[in-house]
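A.B. asks: Sharing a structure with you now.
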Amino acid sequence: MKATEIVKVDPNSPDIDEIKRAAAIIKAGGLVAFPTETVYGLGADGLKADTVDKIFLAKGRPQDNPLILHVASPDDILRVATEVSPIVDKLVQLFWPGPLTLVLPKQSHVPDKVSAGLPTIGVRMPDNIIALTLIAESGTLLAAPSANLSGRPSPTLASHVADDMWGKVDLILDGGPTRLGVESTVLDLMEDPPRILRPGSVTREELEDVLGHVEAQILKDERPFLRQVRPGGKYPHYTLDIPFFLVEGEPQAVIRRIQEEAGKYRSQAKKVGVMCSEESKGQYLGCADVIRSLGSRHDMTQIAAGLYRTLRDFETCNVHVLFAEGFSERGLGFAVMNRLREAARSRIIYAC
Ligand code: AMP
Ligand code: MG
């Protein structure tokens, strides 16, 4: 068990001495959790196999689930990828710093542990001053998966990291709530056309404006290779300690179905939670015990930002079962629905 410390850091103008202290921990082979614009990351020196090992151990992450390397500047790509095509340059210009991870051919000196034995490496430059200063001060690239126990919803508050990682990391930098709330889009540039392995805040539509057609179909029974590299393809993700049902369909049909299902549980004296849009929350008064709105269904940025926090909050509400409304898959809705389906797994109800 490690002695974990948590320090508050101003996200707009971080105290450089605190960041230098965090960087010294990284250089000494330790683990530092830090905010990014997507979710909190669990950072270690990504160019050393033994420090990377510590990440897998702390998270309980399967060794065959690759890590993303985080860079402080686009030039750092050349330290780990063998080639940077004009397309990569273009994507970097348009989307970095930001929530887009590029999967590129890996240089041989990058530990195989990081890429889980794959010949490729995922690279991203986060859009967060604390993260960028920490990477630059560490003088290396940070391997940094989401700072949750493997299989849990990603942390969007430092307190989520503390809940999952206390005693397992050296330091947690608390930079407040993360802005976007869902993990980066992972784009595999080894395929032609490129393939979205994980949808995120950089949308398929935005990528297609630059690249033309992009493969984005997320299938459960894809080739074994994709099952390994696609988040959620092989291991359960975003699991809660209460049964979680996702109800998809037209909004009115979804509301009716959740009301019906909630009624069945309540007739057995079970407490029911509902996670829904601002527009429909009034529809569940009297038929659910805990109702939480994620925001307007017309503002997916708000829905995404509060998604993991709300899921984690439901675990402390003493409900026996949780129903969530589905959303449109347009734009950022694609990423939100991907996470909700991963969380629900086989408990998806199609309302008609
Ligand atoms: P996390 O950092 O926990 O959000 O997870 C990172 C995800 O990025 C992994 O689960 C992988 O699916 C994906 N990823 C990272 N590196 C690669 C790679 N070299 N090839 C394909 N996917 C990758
Ligand atoms: Mg993760």
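The values are calculated or read from the model by the stated rules, or taken from the named source; none is laboratory data. Not measured: the values here are computed from a predicted model. Note that we place each Cβ from the backbone using ideal geometry, even for glycine, and neighbour counts take in every protein chain shown.
A.B. asks: When you scan segment 65-146 for strands (runs of 3 or more DSSP E) that lie fully inside it, which ones turn up with 2 or more residues that are within 13 Å of ligand 1 (Cβ to nearest atom), under 18 Å from L47 (Cβ atoms) and not hydrophobic (A, V, I, L, M, F, W, C)?
C.D. replies: Details: elements: 68-70, 100-105, 120-124.
Where strands (runs of 3 or more DSSP E) fall fully within segment 65-146 and carry at least 2 residues being within 13 Å of ligand 1 (Cβ to nearest atom), under 18 Å from L47 (Cβ atoms) and not hydrophobic (A, V, I, L, M, F, W, C), they are 100-105, 120-124.
A.B. asks: Right, here's the next one. Can you find a residue that is in a helix (DSSP H, G or I), surrounded by fewer than 20 Cβ atoms within 10 Å (Cβ to Cβ) and without any contact (Cβ under 8 Å) to a residue 60 or more places away in the chain anywhere in segment 284-295? Working first, answer last.
C.D. replies: Initially, segment 284-295 is screened for residues in a helix (DSSP H, G or I), giving 284.
Remaining after also requiring surrounded by fewer than 20 Cβ atoms within 10 Å (Cβ to Cβ): none.
Within segment 284-295, not a single residue is in a helix (DSSP H, G or I), surrounded by fewer than 20 Cβ atoms within 10 Å (Cβ to Cβ) and without any contact (Cβ under 8 Å) to a residue 60 or more places away in the chain.
A.B. asks: Does segment 175-193 contain at least one residue that is more than 27 Å from V32 (Cβ to Cβ) and basic (K, R)? Steps first, answer last, please.
C.D. replies: Applying the first criterion (more than 27 Å from V32 (Cβ to Cβ)) to segment 175-193 yields 188-193.
Next cut, basic (K, R) only: none.
No, there is no match, as no residue in segment 175-193 is more than 27 Å from V32 (Cβ to Cβ) and basic (K, R).
A.B. asks: In segment 238-265, what count of residues is obtained for those that are assigned to a helix (DSSP H, G or I), crowded, with 17+ Cβ neighbours inside 10 Å and either among the basic types (K, R) or touching a Leu at 6+ places or on another chain (Cβ under 6 Å) (or both)?
C.D. replies: Qualifying residue count, segment 238-265: 1.
A.B. asks: Of all residues being in contact with a Pro (Cβ under 9 Å, 6 or more places away or on another chain) and in a strand (DSSP E or B) in segment 162-198, which is nearest to A343 (Cα to Cα)? Just the residue, please.
C.D. replies: R198
A.B. asks: Let me ask you something else. Suppose we filter E250, E222, E208, E183 for residues that are modelled with pLDDT of 95 or more and over 26 Å from P126 (Cβ atoms); which single one remains? Please lay out each step first, then the result.
C.D. replies: Working: E222 fails: modelled with pLDDT of 95 or more; E208 fails: over 26 Å from P126 (Cβ atoms); E183 fails: over 26 Å from P126 (Cβ atoms).
Unique residue meeting the criteria: E250.
A.B. asks: A further question follows. Being touching a Gly at 6+ places or on another chain (Cβ under 9 Å) and small (G, A, S) is the filter; apply it to segment 142-161 and report the residue that is farthest from V336 (Cα to Cα).
C.D. replies: A143
A.B. asks: Kindly list the number of the only condition in (1) out of contact with any Lys or Arg (no Cβ under 8 Å at 6 or more places or on another chain); (2) crowded, with 22+ Cβ neighbours inside 10 Å; (3) farther than 27 Å from D164 by Cα; (4) not acidic (D, E) that fails for A344.
C.D. replies: (3)
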